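My questions all concern the structure below.
The values are calculated or read from the model by the stated rules, or taken from the named source; none is laboratory data. Just so it is clear, the structure is predicted and the values come from calculations on it, not from any experiment. Please note: Cβ atoms are built from the backbone with ideal geometry, for glycine as well, and neighbour counts cover all protein chains shown.
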Amino acid sequence: MTSAEKPERLASEPKFGFAFLLFCLIASLLVPAYFENQIMGGVALRGMLSLILLASLYLIAQQPRELKIGIALAVPTLLANWWSGLFPPPWDVYIASVFYIVFLCYISIFIFRFLFETEQISLNMIFSAICLYMYIGLIWTFIYLVTEISRPGSFRFPIELPGDPESLVHALRSSFSYFSYVTLSTLGYGDVTPLTKFARAWAILETVTGQFFLAFVVARLVGLFITNRR
């Protein structure tokens, strides 16, 4: 593929695809936080996660092969997300989390390819970089969730967790979403703390991934800026 063909192919991306996905990602952090009730908050979070899946599919809607694979991954993810009785606990949490991780990683590859191939600095490029950064935090949210469910006591929390299984899963998702983005941005408040070697290893890997990604984006922006000026 020549450099002249790349912009034409990239121009076929759905209009406002990255902007809509970014809106859904931000809303998934803000909307569930308005519900004090754990059950309602869990329903709101599931709804926002489903919206993220649909926005991700819209992003690849004009590429038939990628769309078919995305739908094949999204359908079982949605089923596992809403039909909690489909698998006995705690397998329902494991399977739903694994489906989310696989789907988000697949879409992340597409977004990273867009960042790597685009030759113009544009709003789409900025939005796609932010989306991918938030995708990394979301992927690690589910990794931490699986780690705590499979190995209870892997993390220390500043509040007492609820005993009801459904409320517990929502509380863990909310706590790990917060911890994931705090770790990704290297803020490290310390209120949620990994205690086991396995949990700490994942936290270290997220920190390294986040810093490497930021370095890549900055280098890419600087390189495109210099190239376009020339």
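Could you grab me the full set of residues in the range 15-38 that are of a type in the set (Val, Ile, Thr) and surrounded by fewer than 15 Cβ atoms within 10 Å (Cβ to Cβ)?
Ile26
Only one of (1) part of a helix (DSSP H, G or I); (2) touching a Pro at 6+ places or on another chain (Cβ under 7 Å); (3) in contact (Cβ under 8 Å) with a residue 60 or more places away in the chain fails for Leu25. Which number is that?
Of everything listed in (1) part of a helix (DSSP H, G or I); (2) touching a Pro at 6+ places or on another chain (Cβ under 7 Å); (3) in contact (Cβ under 8 Å) with a residue 60 or more places away in the chain, Leu25 misses just condition (2).
Sort out which residues of the range 39-49 are in contact (Cβ under 8 Å) with a residue 60 or more places away in the chain and either under 17 Å from Leu123 (Cα atoms) or surrounded by 17 or more Cβ atoms within 10 Å (Cβ to Cβ) (or both), and write them in order of number.
If the condition is that a residue be in contact (Cβ under 8 Å) with a residue 60 or more places away in the chain and either under 17 Å from Leu123 (Cα atoms) or surrounded by 17 or more Cβ atoms within 10 Å (Cβ to Cβ) (or both), then Gly41, Gly42, Leu45 are the ones that fit.
I've got another one for you. Would you call Glu166 among the acidic types (Asp, Glu), out of contact with any helix residue (DSSP H, G or I) (no Cβ under 8 Å at 6 or more places or on another chain) and either assigned to a loop (DSSP other than H, G, I, E, B) or in contact (Cβ under 8 Å) with a residue 12 or more places away in the chain (or both)?
no
A follow-up question, please. Given the structure, is Leu123 of a type outside the set (Phe, Trp, Tyr), over 30 Å from Leu161 (Cα atoms) and surrounded by fewer than 16 Cβ atoms within 10 Å (Cβ to Cβ)?
Here the answer is yes, as Leu123 does meet what is asked.
Consider Ile52 against the criteria (1) surrounded by 14 or more Cβ atoms within 10 Å (Cβ to Cβ); (2) over 29 Å from Val218 (Cβ atoms); (3) of a type outside the set (Gly, Ala, Ser): it satisfies all of them except one. Which criterion is unmet?
(2)
Among the residues that make up the range 215-230, is at least one of them loosely packed, with under 11 Cβ neighbours inside 10 Å and among the charged types (D, E, K, R)?
Scanning the range 215-230, I find at least one residue that is loosely packed, with under 11 Cβ neighbours inside 10 Å and among the charged types (D, E, K, R), so the answer is yes.
Still on this structure, I have one more. Count, please, the residues in the range 114-158 that happen to be over 23 Å from Leu53 (Cα atoms) and free of Cβ contacts under 8 Å to residues at least 12 places away in the same chain.
Residues that pass the stated criteria total 2.
Go through (1) farther than 29 Å from Gly188 by Cα; (2) surrounded by fewer than 18 Cβ atoms within 10 Å (Cβ to Cβ); (3) within 14 Å of the chain's Cα centre (by Cα) one by one and return the number of the condition Thr77 breaks.
(2)
On the given criteria, is Thr196 touching a Ser or Thr at 6+ places or on another chain (Cβ under 8 Å), modelled with pLDDT of 85 or more and under 29 Å from Val43 (Cβ atoms)?
Judged against the criteria, Thr196 is not a match.
Only residues that are in contact with a helix residue (DSSP H, G or I) (Cβ under 6 Å, 6 or more places away or on another chain) and either more than 18 Å from His170 (Cβ to Cβ) or modelled with pLDDT of 75 or more (or both): list them for the range 84-93, please.
Matches in the range 84-93: Pro90, Asp92, Val93.
Can you name the residue in the range 184-202 that is without any contact (Cβ under 8 Å) to a residue 24 or more places away in the chain and surrounded by 11 or more Cβ atoms within 10 Å (Cβ to Cβ) and is also nearest to Ser128 (Cα to Cα) among such residues?
The qualifying residue nearest to Ser128 (Cα to Cα) is Gly188.
What is the residue count in the range 182-200 for residues that are in a helix (DSSP H, G or I) and more than 19 Å from Leu172 (Cβ to Cβ)?
Result for the range 182-200: 1.
Does the range 204-213 contain at least one residue that is in a helix (DSSP H, G or I), surrounded by 15 or more Cβ atoms within 10 Å (Cβ to Cβ) and of a type in the set (A, V, I, L, M)?
no
Related question: Is at least one residue of the range 140-154 out of contact with any Ser or Thr (no Cβ under 7 Å at 6 or more places or on another chain), at pLDDT 95 or above and assigned to a helix (DSSP H, G or I)?
Yes, some residue in the range 140-154 is out of contact with any Ser or Thr (no Cβ under 7 Å at 6 or more places or on another chain), at pLDDT 95 or above and assigned to a helix (DSSP H, G or I).
Let me ask something else. Scan the range 34-79 for residues that are of a type in the set (Gly, Ala, Ser) and in contact with an Asp or Glu (Cβ under 7 Å, 6 or more places away or on another chain) and jot them down.
Gly42
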